[in-house]
1. Express the carbon and sulfur contribution to the solvent-accessible surface of the stretch 1-69 as a percent, rounded to the nearest whole number, probe 1.4 angstrom.
2. Taking +1 at the Cβ of each Lys and Arg and -1 at the Cβ of each Asp and Glu, which of Leu87, Ile146, Ala49 sits farthest along the dipole of the chain towards its positive end, judged by Cα position relative to the Cα centre?
3. Dipole of the chain, Cα-centred, from +1 at each Lys and Arg C-beta and -1 at each Asp and Glu C-beta, to the nearest 20 debye?
4. Per residue of the stretch 26-41, in order, report the coupling 6.51 cos²θ - 1.76 cosθ + 1.60 (Karplus, θ = phi - 60°) as ³J(HN,Hα) in whole Hz, putting x for Gly and Pro.
5. For Cα pairs less than 8 Å apart in space and 6+ apart in sequence, what is the mean separation divided by the residue count of the chain, i.e. the relative contact order in percent?
6. Hey, can you find the accessible area per residue of the stretch 7-140 for me, probe 1.4 Å, expressed in square angstrom?
7. Using packing as a proxy for protection, rank 74-82, 16-24 so that the peptide with the highest average count of other Cβ atoms within 10 Å comes first.
8. Could you compute how fast the stretch 1-134 diffuses translationally, taking Rh as the Kirkwood radius over C-alpha pairs and applying Stokes-Einstein at 4 °C with viscosity 1.567 mPa s? Give it in µm² per second.
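The values are calculated or read from the model by the stated rules, or taken from the named source; none is laboratory data. Keep in mind that this is a model prediction, so the values were computed, not measured. All Cβ positions, even for glycine, are placed from backbone atoms using ideal geometry, and neighbour counts span all protein chains on display. When the accessible area is computed, the model is the full protein with side chains, heavy atoms only, and any ligands, DNA or RNA have been set aside. Shrake-Rupley method; radii C 1.70, N 1.55, O 1.52, S 1.80 Å.
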Amino acid sequence: MQTIWLTGAEWLAVLRIGLGLWWLESWRHKDRKGWFERGTGIAWAADVAAEHRWRAVRTGFDKVVAPRPKLTAYVVVHAELALGLGLVLGFLTPVALAGGLLLNLLYLVLMIHDWAEQGQNAMMALISLVALFAMSWQTWSLDHAIGLFR
């Protein structure tokens with residue numbers, strides 16, 4: 001592929017790194033004290049799930065998240081950090097892309113009524129798919145430097 005400035009593989013790396021920075025920003029702006037000590041993030045999600053139009057979302061939340069709110073808060077917050085670092089550094093990139101895609105799809109389903117959230121999560125999911133299937137870890141990544149996922 002010919003481009004004006006970078007190669008196609010380098011543009012894919014830019015896309016991957018940009019997605020990683022997006023995840024890091026999501027992690028950075030969270031009130032971690034609120035999430036971990038006061039349970040604000042999970043309480044907000046509980047309110048969203050309780051009024052969700054799909055019964056499966058309410059049931060899933062009640063069975064998976066509600067019994068372990070503190071653990072879920074730690075998993076969500078630290079997953080966003082791990083995804084961001086993995087994508088920016090290009091370390092375990094296919095795992096980070098697949099995990100990010102699943103998390104974005106989960107957020108997309110949970111926030112089905114919020115168009116702004118849907119747009120952000122749909123874009124992040126699309127970037128994850130492109131970066132995954134185009135093997136964006138082949139350029140500017142630790143995976144490439146140490147010979148993973150060739």
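1. That share works out to 60 percent.
2. About the Cα centre, the residue reaching furthest to the positive side is Ala49.
3. 380 debye
4. Residue by residue, the stretch 26-41 yields 4, 5, 4, 7, 6, 7, 5, 4, x, 5, 7, 9, 9, x, 5, x Hz.
5. Answer for the chain is 32 percent.
6. Result: 55 Å² of accessible area for each residue.
7. Ranked by mean Cβ neighbours within 10 Å, highest first: 16-24, 74-82.
8. 82 µm²/s
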